1. Does ASP109 fit the bill of being under 30 Å from ILE446 (Cβ atoms) and out of contact with any Lys or Arg (no Cβ under 9 Å at 6 or more places or on another chain)?
2. Out of GLU228, GLU304, GLU237, report the one residue that is exposed (fewer than 15 other Cβ atoms within 10 Å of the Cβ) and at pLDDT 90 or above.
3. Can you name the number of the only condition in (1) closer than 24 Å to PHE98 by Cα; (2) modelled with pLDDT of 95 or more that TYR158 fails?
4. List the number of the failed condition for LEU144; all other conditions in (1) under 30 Å from LYS438 (Cα atoms); (2) touching a helix residue (DSSP H, G or I) at 6+ places or on another chain (Cβ under 6 Å) hold.
5. Against the condition surrounded by fewer than 16 Cβ atoms within 10 Å (Cβ to Cβ), without any contact (Cβ under 8 Å) to a residue 24 or more places away in the chain and under 27 Å from the mean Cα position of the chain (by Cα), how does ASP209 come out, does it pass?
6. Which of the residues spanning the range 290-310 are charged (D, E, K, R) and in a strand (DSSP E or B)?
7. Being modelled with pLDDT of 80 or more, touching a Phe, Trp or Tyr at 6+ places or on another chain (Cβ under 8 Å) and under 24 Å from SER6 (Cβ atoms) narrows it down to one of LEU65, LEU72, so name that one.
8. Output the residues belonging to the range 406-421 that are modelled with pLDDT of 95 or more and over 14 Å from THR308 (Cβ atoms).
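The values are calculated or read from the model by the stated rules, or taken from the named source; none is laboratory data. These numbers were taken from a predicted model, which means no experiment stands behind them. Cβ sites come from the backbone with ideal geometry, for glycine too, and all protein chains shown count toward neighbours.
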Amino acid sequence: MTQHESKLFVLDTNVLMHDPTALFRFQEHNIYLTMTVLEELDQGKKGMSEVARNVRQVNRFIDDLMTQNKDLDIKEGLPLEQFKTTNSNGNSTGRLYFETEAHSPRLPDTLPGSKNDNTILGTVLALHDEWDCDIILVSKDINLRIKAAVLGILVEDYTNDKVLDDLDLLFTGSLELPTEFWEKHSQDIHSWQREGKTYYEISGEDTADWYPNQFIYLEDNFDGIVLEKEKDTCVIEVIRNHMSERHSVWGIVARNREQNFALNLLMNPDIDFVSLSGAAGTGKTLLTLAAALAQTMDEKRYSEIIMTRVTVPVGEDIGFLPGTEEEKMSPWMGALMDNLDVLVGNNKNDAWEQQATTDLVRHRIKISSMNFMRGRTFLKKFIILDEAQNLTSKQMKTLITRAGPGTKVVCLGNIGQIDTPYLTETTSGLTYIVDRFKDWEHSGHITLKRGERSRLADHASKIL
């Protein structure tokens, strides 16, 4: 058959279910879809899940391609280049090919050809007789990749949605300054005070890699935040010390430097988006809920607290849940209730007063399902997205773009506890938004490092 200089990428169904724009992500190389993949797409198109929506989008892409190229012989492939303007990152100059004729199975007898994955493997093996180029199977299914490698097939994971090559490169939100920093910049620093706050303007090449709302600190005597940044000049503000009772938030006092940083972000009305990451027990939910209650109940800055999370079970699914949307979400919101008990208990009131306070607080908190977020607009709300590490980048975009005027969005998550299939530490939606928002002057991030839940929980998170 015709020889091709470019590579041929055979896509597994799960790649398209994960990223419908995968058709356009392989630059000058060609794409091949087997009939098995088309059949699985047909079976997965129904429903309101994210996967079903992705499948329907893939089907629309393919249908548009066929409509625009109806005069071409489909066996010669459909050009993908014309889709540059309709798909966000479209830079493909290859062609899309389909399995237009049956292939003789070339599988070992130990692999039943009736199984879809094995059918795809058989097709890839047969393509080697037709194409004079590298043929690469792309799949997010680990077992399929293992079987392909055993059969001598070139195989890859789909990594186009990978945010970083290494999680160690992820922005932490804080930076420790060298001990000689002040001496080195003594000629480049201008300081002043305004409204009881201290500011520094610092120049020099050391500031070139700083980001807006990044925290900089010296171990013993300085904690500041980058307010403004222009090339190699930054304006630094000395932050409020929430580690003292005088500046407690809804009765909560920061127990370490990172918690203090987090409360400064959460209580700052000029910061619309905050992301907090950290291991279990570092205080993400407690700090966020305390800041939300202080600004909703006391300062009246927000009218309501909306809390949501992705419903991915750690163990076996508990099945159908009766009741309203909020009642269905209640089992997933144990962390909210646990932290509310801590926050309300801080008042040390009598039992009836504590119950009245709890009822009042819960009346201002709404629990929402992510399934009903699309199309909504939230005005003057404090939105908490819990377990954000289990969201994809597309889901993150859908949820964060719900924010209207006066709304603050806070994303919480632990990159080390991903329960969603096909997501990794470097492709998680939480990793994605931390990396994408780090340059924006109205956002902030901090990675919490020390566990403060209990000495047992802290020790367990280190050794287990």
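1. Judged against the criteria, ASP109 is not a match.
2. Only one candidate qualifies: GLU228.
3. (2)
4. (1)
5. yes
6. GLU304, ARG309
7. LEU65
8. GLY406, LYS408
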